[in-house]
Structures are given as C-alpha cells and as structure tokens.
Amino acid sequence: MLFRVFRILLASIMACAAFAPLPASADPEDIDAAARGVVRVIIIEDDGTTLYPISHGTGFAVTPERIVTNAHVIAETRGNSSLSIGIVPSDGGEAIYGRLMAYSPRNDLALISTTASMNLPPLTIAGNAIQDAGAVTAVGYPMNVDRAQGLDTRDLFNAQPPVKSRGYLSGRRPSLDFDTLLHTAPIARGNSGGPLLDNCGRVVGVNSFGAESGGTDSEFYFAVSTRELLPFLRSNGITPRINGLPCRSLEELDAAESLRAQKEQLAAAQQAEAEQRELEARATQERRKAEFAILAERDNGMMITMVLLLVSLATGFAAWLFDGAGEQRKRKGAAIIAGLALIGALVAWFTRPGFAEVEERVADALAATATTGDTDSGPSGVIAKATDSADKENLVCVINVERSRITSAETDDIPFAWDSQGCVNDRTQYGLINGKWSRVFVPDTEAVVSLSTYDPKEHQYQVERYLLGHEEMTEARAARKKFEAPSCGGGEEAALELGQNQASITALLPSRPNERLIYNCSPAP
C-alpha cells in the first residue's frame, strides 16, 4: 500500500515537471525599481532673470551621485556659459544642477555628477547582456508624450515617472564608430541617454538614436551596448553594479522551490519506508532469536524440573527406607533434600518463559540496537555538539544561487553568529513572531527594505529585498521610527515585542519582493 502511494507521488512530480509552464516573464516590479534611478536631463538657458529649458534627454544613475546620458544630450553646454545642466529625479525630490564629468562623443556617452545629494538608487548593469534576441524595455522621457499631455516648460522641472516601452532586441549591430544594439522598443526625442533594460531591470544598453522610417517601414532603434558603457565607466573611476546571473522570475523560482519540496518529501517518504522495512526485518530476526531462546530456556526448565523431580523421588524413597532407630538423622536429611528438590522442580517449571514474552524481548532488543546504533544527525548534529556549552552557533552563510533571485544585491559570504535568544553577531536582535525569527531593515540612505529571516533548525538564512519608491520608503521609514529595536539579551518578551512591532512595516510591503537571497549556513572554520 505504501509503495503505491510513493508511485502516485512520483508520478505527480513527473507530471508537474513535464507540464510545467514555460519560463515566465520576469517581474514587472523590476522595471519599476530600475526606473527609480532614471532622471530627466534638462539643458537650461539662463538670461540673467529667468531659466528656460531649451531641450532635454534622459539619464540614469550608476552611483548615488553619478549619472550616465548620451554625449549629444549635453553637447551644446560645452563651452557655453549661458547653458547649464539640470537633473530632475523621477521618484520625488527637487531638481538640482549637474556638472559634466566626462564626455565621449565617439560612443555617444557622457557622465554627469550631481551638485547636491540626491541619493539616487543606482541601476545594475547586465554582466552577460543578451545580444541577439530577448524582450527589452526602454525607459525615458519622450518629448511627444510631454506635448500630448500639454505639459509646459515649468512642468519639466517637476518629478514625473518616466515612460516605459516594450520591444525586442533585433541583434548586435555595430555602428561605424561604436558597438550598438538594435531593438524595437519605441523611443523618441527625449529618450536619448535612457537605459534599455532586460526583464530583470538590468541595463543592457543606453538608448541613443532611431533609424529613419518612411512611415510604412518597421521602426528600429539603437542603444550603446555595455561593451562601450562598462569601459567608459571604469575609465572614469566608476565601479558599477554588475550582475551576470540568469534572469529568472519569482514565479519560476517558486515553481522550482515547490518541485524541490515535493522531491524532498518523496525522498523522505522513501527513506522512511526503507527504515520501516529495515526495522521490520530486524524485528523478524529478533523475533526468531527470541523464539529459539525461549524454546531453549523452556527445554532447559523442563529438564531441570525432571532432574529435580527424580532427585526428590529418590531422596524421598531413601527417607522411607531409613526406618531404623539409628537412621533418624539420615531419614530427616533425605526428607529435607527431597522437599527442596521438589520445591526446585516446581520453581523451574513455573518460571519457564512463556511465548507471550517474545514480543517483549523483540522490543527490548530493538530499543538496545537504537541506543547503541548510529546517532549522528548530520550537519545540525555537528552544530549542536559544537554549541552545547556556549548555546551559540558560529556560522558562515554562503549564497545558494540556484534557489535565489539576485538582480542587484551583493552575494558575499556572511559571518553569522547566532544564539538561542535571537541575537546575531552579538549586536543585532531578531524579532520572534509565529515561531519565526526575523529582522526588518529600513535604511535612511538606500531605497530598499530588507526582511531577513533565520531558521535555526535548517540553518538557513534568507533575505528578501523590496526596492521601493519614494513614497513607499517614506511610509516604511515613518513606521520604523515608531519603535526602538531592543538590544541583545532582552529575552523572549523583548523578541516577541519586536516581532509585533516589525509587523507594522511588513504590512506596508508589496506581496512579493524584488530579490530573494537564500544562504546555506555551516560552522565557521
């Protein structure tokens, strides 16, 4: 019966694998997250009394204070003291002036620095950018959209969300002087300098220009490839965020996790069945041993009984023979021996083991085997032995790339000292809610909320990162300021209170994160 259940479970897993949907498109939230670092780049003329925007393009942050755009967007500001560069963030905040840092007309790239702190979220650049095919998104500020909305010149200085247009790569198509990507994501005047993104929100190119069309021809557009962008940044002292991992959606990751869990359940069930079969075989063997032992003991008891009965009869008969006056002592001694022998015979007969003792002996034998057998519990057992005295685990947590979705986060190994009170690295207290340990981090300098959880039983550390917009981050920071996180050593009551307080932040978060990082933790060397 149990084997039939395993067969059905295995068949269901294979069916799930066979009929699983094709890889899902990446999460749209990634494009929104990347758009937070996109800015409008305005060329401003100052006549001494009024500022006039005379043209604009798009740019995107590669550090919190450095912005990439096209060289042709800011070309006219060079050598013209009446013109300046304005930077308008897309996600709240005020417009500020920018300063030209690097200018490369050969590959149509320029680097601008902000003249005041904007703390822009840098975009991540694809390390293995798609070259020939794949869906892409152009993000920027096309002028025709501004005109269609009836925006006047003053509106350009106000923060507005950029336009996102979808298309596909049509291959690498190097231009005469630099390497470009050909694509079909619509762009217009004003999009120049904006990022071309893959489905995970990573930069694969910098939109530059479009192919002329007669109106009936297909529209194609060109973006400066990362083969040009990365050397340009490095030559100007910028170390960009680069991610070369495959682009996978959370749906794909969740489906893989579900299949992995099913396989683990099947493996656990198969192991349980194998252990049960081994236990039954051992029980059968022990039962046979017990039956043979009891038969032998019963035979020995019967033999002893018979011998003692014979002794009792013989000595009793001898006592009867000692009838003379001078043989009273001998008669008395023989009678005592006969009586003792009879009592011994009765004891030997009634103390013979019964067959009802078989199962009891089998249970005792199996219990003894379990006690003296292999009690190694694997990695967790090693950790338990190492931390019994100090009640603390000194671990190193290593990213599990196959189970993680990483678009921009760092993935270095993490030293992780954990104690049973939920203290990490002797300084950070985790909250306890619904039996789970977690800590919510809401930094003031980065537009991301991180939810870190740790499972002491599985020795698994997980970080879910939510890349939020300006308003969402403002709400999260306000919620975080309403309570103080306790120091380590506050006990279970403090951990439970922290868990409840953190729920006010997690309630504000989207239904799913942008990134999920899963780490496997093991004892530190």
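Restricting the stretch 236-257 to residues that are touching a residue at least 40 places away in the same chain (Cβ under 8 Å) and assigned to a helix (DSSP H, G or I), which is most open to solvent (accessible area, probe 1.4 Å)?
In this case the residue turns out to be 251.
Need pairs with beta-carbon distance below 8 Å; first residue within 17 Å of residue 185 (Cβ to Cβ) and within the stretch 156-168, second open to solvent by 60 Å² or more (accessible area, probe 1.4 Å); sequence gap 6+ or separate chains.
Sorted first by the residue in the stretch 156-168, then by its partner, the pairs are 165/186; 167/186; 168/133.
Somewhere in the stretch 432-444, is a residue among the aliphatic types (A, V, I, L, M), free of Cβ contacts under 8 Å to residues at least 40 places away in the same chain and either in contact with a strand residue (DSSP E or B) (Cβ under 9 Å, 6 or more places away or on another chain) or under 30 Å from residue 63 (Cα atoms) (or both)?
Residues of the stretch 432-444 among the aliphatic types (A, V, I, L, M): 432-433, 440, 442.
Retained after the next criterion (residues that are free of Cβ contacts under 8 Å to residues at least 40 places away in the same chain): none.
Looking for residues that are among the aliphatic types (A, V, I, L, M), free of Cβ contacts under 8 Å to residues at least 40 places away in the same chain and either in contact with a strand residue (DSSP E or B) (Cβ under 9 Å, 6 or more places away or on another chain) or under 30 Å from residue 63 (Cα atoms) (or both), one finds none in the stretch 432-444, hence no.
For the stretch 271-290, give me each residue that is open to solvent by 80 Å² or more (accessible area, probe 1.4 Å) and either at pLDDT below 80 or under 23 Å from residue 352 (Cα atoms) (or both).
285, 288, 289
Test of understanding: among 345, 341, 319, which residue is at pLDDT below 75, buried (at least 17 other Cβ atoms within 10 Å of the Cβ) and either touching a helix residue (DSSP H, G or I) at 6+ places or on another chain (Cβ under 7 Å) or part of a helix (DSSP H, G or I) (or both)?
Criteria check complete, one pass: 319.
Go over the candidates 208, 192 one by one and state the one that is under 30 Å from residue 74 (Cβ atoms) and either part of a strand (DSSP E or B) or open to solvent by 70 Å² or more (accessible area, probe 1.4 Å) (or both).
Matching residue, one of 208, 192: 208.
Do we have any residue at all in the stretch 390-404 that's more than 23 Å from residue 127 (Cβ to Cβ), touching a residue at least 60 places away in the same chain (Cβ under 8 Å) and open to solvent by 30 Å² or more (accessible area, probe 1.4 Å)?
Yes, there is a match, as at least one residue in the stretch 390-404 is more than 23 Å from residue 127 (Cβ to Cβ), touching a residue at least 60 places away in the same chain (Cβ under 8 Å) and open to solvent by 30 Å² or more (accessible area, probe 1.4 Å).
Would you please name the residue that is least open to solvent (accessible area, probe 1.4 Å), looking only at residues in the stretch 169-189 that are of a type in the set (D, E, K, R) and not in a strand (DSSP E or B)?
Residue satisfying both the conditions and the ranking: 179.
Evaluate the following for residue 147: is it out of contact with any strand residue (DSSP E or B) (no Cβ under 9 Å at 6 or more places or on another chain) and either among the hydrophobic types (A, V, I, L, M, F, W, C) or touching a residue at least 60 places away in the same chain (Cβ under 8 Å) (or both)?
For residue 147, the condition - out of contact with any strand residue (DSSP E or B) (no Cβ under 9 Å at 6 or more places or on another chain) and either among the hydrophobic types (A, V, I, L, M, F, W, C) or touching a residue at least 60 places away in the same chain (Cβ under 8 Å) (or both) - is not met.
State all residues of the stretch 433-489 that are open to solvent by less than 40 Å² (accessible area, probe 1.4 Å), in contact with a Phe, Trp or Tyr (Cβ under 9 Å, 6 or more places away or on another chain) and part of a helix (DSSP H, G or I); if no residue qualifies, say none.
476
Give just the number: which of (1) outside any strand (DSSP E or B); (2) small (Gly, Ala, Ser); (3) within 36 Å of the chain's Cα centre (by Cα) does residue 165 not satisfy?
Here residue 165 clears every test but (1).
Of all the residues that make up the stretch 285-340, how many are under 30 Å from residue 364 (Cα atoms) and free of Cβ contacts under 8 Å to residues at least 60 places away in the same chain? Please lay out each step first, then the result.
Within the stretch 285-340, the first condition is being under 30 Å from residue 364 (Cα atoms), and the residues that meet it are 285-305.
From what's left, free of Cβ contacts under 8 Å to residues at least 60 places away in the same chain: 285, 288, 292, 295-305.
So the answer is 14.
Report the residue count in the stretch 34-55 for those that are part of a strand (DSSP E or B) and under 45 Å from the mean Cα position of the chain (by Cα).
Here is the first cut: in the stretch 34-55, the residues part of a strand (DSSP E or B) are 38-46, 51-55.
Add one more test, that the residue is under 45 Å from the mean Cα position of the chain (by Cα), and what stays is 38-43.
Result for the stretch 34-55: 6.
Could you give every pair whose Cβ atoms fall below 6 Å, whose first residue belongs to the stretch 95-111 and is closer than 18 Å to residue 173 by Cα, and whose second residue is open to solvent by 40 Å² or more (accessible area, probe 1.4 Å) and charged (D, E, K, R), counting only separations of at least 6 or pairs across chains?
Once the first residue is closer than 18 Å to residue 173 by Cα and sits in the stretch 95-111, its partners that are open to solvent by 40 Å² or more (accessible area, probe 1.4 Å) and charged (D, E, K, R) give 106/177.
Please go through the stretch 64-86 and pick out each residue that is buried (at least 18 other Cβ atoms within 10 Å of the Cβ) and of a type in the set (S, T, N, Q).
Matches in the stretch 64-86: 69, 70, 77, 84.
Report the residue count in the stretch 407-422 for those that are surrounded by fewer than 20 Cβ atoms within 10 Å (Cβ to Cβ) and either modelled with pLDDT under 90 or not hydroxyl-bearing (Ser, Thr, Tyr) (or both).
The total comes to 10.
Would you be able to tell me the number of residues in the stretch 299-311 that are modelled with pLDDT of 80 or more and surrounded by 14 or more Cβ atoms within 10 Å (Cβ to Cβ)?
Within the stretch 299-311, the first condition is being modelled with pLDDT of 80 or more, and the residues that meet it are 299-300, 302-311.
Narrowing the set further to residues that are surrounded by 14 or more Cβ atoms within 10 Å (Cβ to Cβ) leaves 304-305, 307-309, 311.
Of the residues in that region, 6 qualify.
The values are calculated or read from the model by the stated rules, or taken from the named source; none is laboratory data. Model, not experiment: these values are computed from the prediction. Heads up, the Cβs are rebuilt from the backbone with ideal geometry, glycines too, and the neighbour counts pull from every protein chain shown. Calculation scope for accessible area: heavy atoms of the full protein, side chains included, ligands and nucleic acids excluded. Shrake-Rupley method; radii C 1.70, N 1.55, O 1.52, S 1.80 Å.
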